[in-house]
Amino acid sequence: MAEDTAGAVEIRGALARLRRATGLPVAFGGLVEPGRQQVRISELSGTATRSLLSLVVTSGNGLGGKAAALARPCAVADYSVSRQISHEYDVPVAAEGLRSVLAVPVVVRRRVRGVLYGALRTAQPLGDRTLGAAVEAARDLEQALVVRDEARAVREEARGLLAGARAEPGAGAAWEQVREAHAALRSLAPRIVDPALRAELLAACGLLTGGGLPQEVALAPRELDVLTWVAAGATNAVAAERLGLRPETVKGYLRSAMRKLGAHTRGEAVSSARRAGVLP
């Protein structure tokens, strides 16, 4: 269990979905701390106090620690008297007035990255439907973390490739790798929930291109996304798959980009965009 709190936006979104899908009035959660076997509760939703905020839950302890250790959802009908869990965290749980609680681990590539909780202030069993809805919210968070991981990996790779390509101006293969990384970054950016990270990715794209189009021929984001994949050698079908669009939609964006750039072919459009500094 090891992670930072950079995924706060994703966690807040997951907690809102959990409450909406389950009908539970309280939700909270957090990610695993870097290099440690513990989760720090960083986000609260529907709570009346701040007693749970920054609570550190060690693997195996309490309900969330049990869920993390087993890598499966756990629930109790009455937290304070349950014999299914240890009771290191009874005081903050009681301060919030929670009785019936569920905990769902967030697992990415077989590693627990965090825990989401949902709770009631009354003691009653939580049914399979409620637990299933909470699990779906956790799955959504898992996917968001996967995208975040991919984006950061591609960003770092792109920076390394760019440094190498600049060190060897004649290295055509290195520039092709830069262009593929640029295309991957632009594809990932719309899928990033966190606006700060999304802006960081787009800024990295700017570093790879080193410029921008004059306002009178500025490309729309999707037009540039399509042109980026075309520049990387992708067919319309491949570009559509990478961008989550229909092939006909890709063709439409490409035609529009070509018109704005005054190009008659795909190759001319790519060349014009590179001269303008929006493609590497």
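Among the residues of the range 234-256, those identified as assigned to a loop (DSSP other than H, G, I, E, B) and surrounded by 15 or more Cβ atoms within 10 Å (Cβ to Cβ) are Ala234, Leu245. Residue pairs whose Cβ atoms lie under 9 Å apart, sitting 6 or more positions apart in sequence or on different chains, and linking a residue in the range 77-100 that is farther than 17 Å from Ile41 by Cα and at pLDDT 95 or above to a partner that is assigned to a loop (DSSP other than H, G, I, E, B) and among the acidic types (Asp, Glu), are Arg99/Asp78; Ser100/Asp78.
Among the residues making up the range 257-273, those that are without any contact (Cβ under 8 Å) to a residue 40 or more places away in the chain, surrounded by fewer than 20 Cβ atoms within 10 Å (Cβ to Cβ) and not small (Gly, Ala, Ser) are Arg259, His264, Thr265, Arg266, Glu268.
Is it true that Leu126 is part of a loop (DSSP other than H, G, I, E, B) and farther than 21 Å from Pro34 by Cα? So Leu126 fits the description; yes. Does the range 182-199 contain any residue that is buried (at least 22 other Cβ atoms within 10 Å of the Cβ) and in contact (Cβ under 8 Å) with a residue 60 or more places away in the chain? Looking through the range 182-199, at least one residue is buried (at least 22 other Cβ atoms within 10 Å of the Cβ) and in contact (Cβ under 8 Å) with a residue 60 or more places away in the chain. For the range 262-280, residues that are at pLDDT 85 or above and either touching a Lys or Arg at 6+ places or on another chain (Cβ under 7 Å) or part of a loop (DSSP other than H, G, I, E, B) (or both) total 4.
With a requirement of 3 or more residues that are buried (at least 19 other Cβ atoms within 10 Å of the Cβ), the helices (runs of 4 or more DSSP H) lying completely within the range 1-102 that satisfy it span 8-22, 62-70.
The values are calculated or read from the model by the stated rules, or taken from the named source; none is laboratory data. Keep in mind the model is a prediction, meaning the values are calculated, not measured. All Cβ positions, glycine included, derive from the backbone under ideal geometry; neighbour counts span all protein chains shown.
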